[in-house]
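The values are calculated or read from the model by the stated rules, or taken from the named source; none is laboratory data. In this text the structure is predicted, and so the values were computed from the model without any measurement. When we count neighbours, we look across all protein chains shown, and the Cβ atoms used for this are built from the backbone with ideal geometry, even at glycine. In case anyone asks, the SASA skips ligands and DNA or RNA and just uses the protein heavy atoms, side chains included. Shrake-Rupley method; radii C 1.70, N 1.55, O 1.52, S 1.80 Å.
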Amino acid sequence: MTRVSELSVEADLGNLKKVRSFISETGKSLGANDDSVGDMCLVVDEAVTNVILHGYDGRQGTVQVIVESEDGALVITIRDQAKAFNPDEVEAPHLEESLIERDYGGMGVFLINKLTDAAEFRQLPGGGNELRLVKKGVIDAL
């Protein structure tokens, strides 16, 4: 059985705390373990920050976050109407360099791929983007 909760916020960095709280509270209410909820809070925070800063690039817009359970997995979908994003165009971080040598940022897609079991990026028909994040085997059957 899938249980779904949704949140829609203005694309503003001031709303990140609200998004993190929503992920945390909803994930825990679905029965996800604390480590998995923490991982998902981090990747959603990173993804939404990138939508706000790079996708909307100062323009107004909204970000929709959907949390659901699906066959023991915690699934979070992020939708926006920002400019198109292609993760294949993002340069991999230079992890061999020290933190001092490395450029600031550039860890978003890397973290998303490391901390989730699946990350599906797609451009929406009519404009905008959707990112579906899956963390498997973290929710016990209720």
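Counting the residues of region 1-22 that are without any contact (Cβ under 8 Å) to a residue 60 or more places away in the chain, of a type in the set (S, T, N, Q) and in contact with a strand residue (DSSP E or B) (Cβ under 9 Å, 6 or more places away or on another chain) gives 2. Taking the stated definitions as given, is ASN113 in contact with a Gly (Cβ under 6 Å, 6 or more places away or on another chain), open to solvent by 20 Å² or more (accessible area, probe 1.4 Å) and either modelled with pLDDT under 95 or assigned to a loop (DSSP other than H, G, I, E, B) (or both)? For ASN113, the condition - in contact with a Gly (Cβ under 6 Å, 6 or more places away or on another chain), open to solvent by 20 Å² or more (accessible area, probe 1.4 Å) and either modelled with pLDDT under 95 or assigned to a loop (DSSP other than H, G, I, E, B) (or both) - is not met. Taking region 1-55 as the range and being in a loop (DSSP other than H, G, I, E, B) and among the aliphatic types (A, V, I, L, M) as the test, the residues that pass are MET1, ALA11, LEU30.
Would you confirm whether or not region 81-92 contains a residue that is touching a strand residue (DSSP E or B) at 6+ places or on another chain (Cβ under 9 Å), modelled with pLDDT of 90 or more and not in a loop (DSSP other than H, G, I, E, B)? No, region 81-92 contains no residue that is touching a strand residue (DSSP E or B) at 6+ places or on another chain (Cβ under 9 Å), modelled with pLDDT of 90 or more and not in a loop (DSSP other than H, G, I, E, B). Regarding ASP39, is this residue touching a helix residue (DSSP H, G or I) at 6+ places or on another chain (Cβ under 8 Å), open to solvent by 50 Å² or more (accessible area, probe 1.4 Å) and in contact (Cβ under 8 Å) with a residue 40 or more places away in the chain? In short, no. Of the residues THR62, THR77, the single one that is among the β-branched types (Val, Ile, Thr), in contact with a strand residue (DSSP E or B) (Cβ under 6 Å, 6 or more places away or on another chain) and open to solvent by 30 Å² or more (accessible area, probe 1.4 Å) is THR62. Taken over region 116-136, residues that are in a loop (DSSP other than H, G, I, E, B) and either touching an Asp or Glu at 6+ places or on another chain (Cβ under 8 Å) or at pLDDT 95 or above (or both) amount to 5. Looking at VAL67, is it under 25 Å from LYS136 (Cα atoms) and part of a helix (DSSP H, G or I)? For VAL67, the condition - under 25 Å from LYS136 (Cα atoms) and part of a helix (DSSP H, G or I) - is not met. Among residues of region 1-29 being of a type in the set (Lys, Arg) and within 23 Å of GLN81 (Cβ to Cβ), the one that is surrounded by the most Cβ atoms within 10 Å (Cβ to Cβ) is ARG20.
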